[in-house]
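The values are calculated or read from the model by the stated rules, or taken from the named source; none is laboratory data. Please read all numbers here as calculations on a predicted model, not as lab measurements. With ideal geometry, Cβ positions are generated from the backbone for all residues, glycine too; neighbour counts draw on all protein chains shown.
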């Protein structure tokens with residue numbers, strides 16, 4: 001890396017433009033490049049055995065759609081101290097009726113009042129200290145981040161009677177099972193205690209949880225938050241900062257918002273749950289330190305499939321699977337879907353051998369991926385929740401597959417590649433642009449903090 005000039009008193013020192021020849025001519029680098037494996041091109045990939053024909057159901061049970069998405073941006077608090085920063089996060093849950101979308105889609109002109117029907121959105125906001133700052137009532141960045149996340153969950157309700165933290169407890173301790181819970185359901189094993197000087201594990205028992213959703217630390221006597229089960233403290237560094245938690249945190253909050261809405265609907269209008277299509281931006285899984293949450297999510301999916309059915313899908317907009325979907329676009333006929341097996345994934349998408357004893361991403365995912373080419377030619381990577389992950393899934397292993405694909409096709413959006421209308425709309429309504437949102441938030445943060 002080159003040097004920068006902080007006060008514009010010295011010339012900017014750019015990186016060398018001639019040093020690349022040392023790499024190109026190095027024998028060890030050349031030898032390593034020759035060993036690199038790249039999966040075959042699309043024209044060499046046989047798809048016949050994995051293809052499922054799209055057959056739209058005669059009656060579409062979906063009457064409403066709920067899409068959830070989130071975004072964040074960084075604000076530098078002091079231009080003379082650029083390593084001091086805070087992140088602003090915003091999440092949205094967009095609800096609209098299928099009939100409203102049909103009316104808008106069939107209209108020659110979209111009136112403002114029509115768009116209002118499609119913008120019934122709940123927004124959740126979060127300001128998170130991420131580098132070289134802390135809360136006034138906390139001594140460390142880690143403590144500040146963990147407390148801020150916990151307070152976000154306790155204060156937000158999405159206009160429902162219960163808070164997100166109550167839903168988190170309902171989710172991880174399987175309270176929805178009622179009297180059928182096991183002892184294992186009532187306990188959560190936390191691999192690292194955020195208060196332990198040596199990072200020892202700790203078991204959080206529901207019976208020891210206080211009314212404010214905290215637990216006593218057996219080592220220090222301090223307070224462990226229920227939200228500490230996300231294990232984000234493991235990747236917060238007092239010098240490097242907490243920027244590494246943002247992707248994991250956004251994914252968790254998006255999931256908990258969906259679970260929160262499902263819970264409230266099930267408690268008030270259980271019959272309507274099976275008539276709503278829930279759409280999550282991204283795949284159906286939990287990753288990194290939060291991966292352990294895939295287990296209670298799989299339990300919840302199974303319970304919902306047994307009770308009222310559940311129509312939920314993750315739509316991926318980028319990544320290796322989306323790149324591969326566009327690569328095979330010309331070899332896939334319209335109205336066909338490819339259910340990805342382990343053999344296919346590791347041979348043509350991800351350059352790895354996989355685990356011979358476990359399905360792909362079984363420690364993080366609760367759904368299987370499907371590449372779908374609609375009858376209009378749009379390409380989508382759809383993650384469908386399943387009862388159990390398998391190495392070679394078939395159509396029968398993916399509940400409600402045809403219904404989900406029918407609604408994905410109906411909700412297509414031509415604004416972007418692989419886009420769905422509700423996801424594109426909710427993204428527009430909650431995303432924070434680098435310009436001018438970032439600059440405005442930076443000024444806002446400076447004004448408030450300096451008081």
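When the stretch 217-246 is filtered for residues that are touching a helix residue (DSSP H, G or I) at 6+ places or on another chain (Cβ under 8 Å) and over 21 Å from residue 131 (Cα atoms), the ones remaining, listed by number, are 225, 226, 229.
Report, by residue number, each residue of the stretch 32-64 that is more than 17 Å from residue 277 (Cα to Cα), at pLDDT 80 or above and surrounded by 13 or more Cβ atoms within 10 Å (Cβ to Cβ). Within the stretch 32-64, 50, 51, 52, 54 qualify.
Scan the stretch 179-192 and tell me whether some residue there is part of a helix (DSSP H, G or I) and either closer than 30 Å to residue 82 by Cβ or within 26 Å of the chain's Cα centre (by Cα) (or both). Walk me through how you get there before you give the answer.
Here is the first cut: in the stretch 179-192, the residues part of a helix (DSSP H, G or I) are 179-180, 184-186.
Those still in the list that are either closer than 30 Å to residue 82 by Cβ or within 26 Å of the chain's Cα centre (by Cα) (or both) too: 185-186.
Yes, the stretch 179-192 contains at least one residue that is part of a helix (DSSP H, G or I) and either closer than 30 Å to residue 82 by Cβ or within 26 Å of the chain's Cα centre (by Cα) (or both).
When the stretch 216-244 is filtered for residues that are touching a strand residue (DSSP E or B) at 6+ places or on another chain (Cβ under 6 Å) and in a loop (DSSP other than H, G, I, E, B), the ones remaining, listed by number, are 217, 242. When the stretch 266-287 is filtered for residues that are in contact (Cβ under 8 Å) with a residue 12 or more places away in the chain and either closer than 20 Å to residue 172 by Cα or under 19 Å from the mean Cα position of the chain (by Cα) (or both), the ones remaining, listed by number, are 266, 277, 278, 279, 280, 281, 282, 283, 284, 285, 286, 287. State all residues of the stretch 305-342 that are within 20 Å of residue 258 (Cβ to Cβ) and in contact with a helix residue (DSSP H, G or I) (Cβ under 9 Å, 6 or more places away or on another chain); if no residue qualifies, say none. Scanning the stretch 305-342 gives 307, 308, 309, 310, 311, 312, 313, 315, 316, 317. Of the residues screened, residue 113 is not one that is at pLDDT 70 or above, part of a helix (DSSP H, G or I) and surrounded by fewer than 17 Cβ atoms within 10 Å (Cβ to Cβ).
With the condition kept exactly as written, say whether any residue in the stretch 47-54 is in a helix (DSSP H, G or I), over 24 Å from residue 402 (Cβ atoms) and touching a helix residue (DSSP H, G or I) at 6+ places or on another chain (Cβ under 9 Å). For the stretch 47-54, residues in a helix (DSSP H, G or I), over 24 Å from residue 402 (Cβ atoms) and touching a helix residue (DSSP H, G or I) at 6+ places or on another chain (Cβ under 9 Å): absent. With respect to (1) in a helix (DSSP H, G or I); (2) modelled with pLDDT of 90 or more, the lone exception for residue 347 is condition (2). Cβ separations smaller than 6 Å between residues 6+ apart or across chains give the following pairs from the stretch 210-239 residues that are more than 22 Å from residue 251 (Cα to Cα) to residues that are exposed (fewer than 15 other Cβ atoms within 10 Å of the Cβ): 215/208.
Is it the case that the stretch 268-275 has a residue that's at pLDDT 95 or above and surrounded by fewer than 20 Cβ atoms within 10 Å (Cβ to Cβ)?
No, because not a single residue in the stretch 268-275 is at pLDDT 95 or above and surrounded by fewer than 20 Cβ atoms within 10 Å (Cβ to Cβ).
State whether one or more residues within the stretch 134-141 are in a loop (DSSP other than H, G, I, E, B), within 19 Å of the chain's Cα centre (by Cα) and in contact (Cβ under 8 Å) with a residue 24 or more places away in the chain. No, the stretch 134-141 has no match at all. Somewhere in the stretch 384-400, is a residue part of a loop (DSSP other than H, G, I, E, B), in contact with a helix residue (DSSP H, G or I) (Cβ under 6 Å, 6 or more places away or on another chain) and modelled with pLDDT under 95? The answer is no; no qualifying residue exists.
Would the stretch 249-265 turn up any residue that is surrounded by fewer than 17 Cβ atoms within 10 Å (Cβ to Cβ) and under 15 Å from the mean Cα position of the chain (by Cα)?
No, because not a single residue in the stretch 249-265 is surrounded by fewer than 17 Cβ atoms within 10 Å (Cβ to Cβ) and under 15 Å from the mean Cα position of the chain (by Cα).
In summary, residue 207 fulfils each of the numbered conditions (1) under 28 Å from the mean Cα position of the chain (by Cα); (2) in a helix (DSSP H, G or I) with the single exception of condition (1). For the stretch 297-308, check the following and say yes or no: at least one residue is under 19 Å from residue 70 (Cβ atoms) and touching a residue at least 40 places away in the same chain (Cβ under 8 Å). Yes, that holds for at least one residue.
A quick yes/no check of all residues on (1) in a loop (DSSP other than H, G, I, E, B); (2) closer than 20 Å to residue 285 by Cα; (3) at pLDDT 95 or above:
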| residue | (1), (2), (3) |
| --- | --- |
| 326 | no, no, no |
| 351 | yes, no, no |
| 356 | yes, no, no |
| 360 | yes, yes, yes |
| 368 | no, yes, yes |
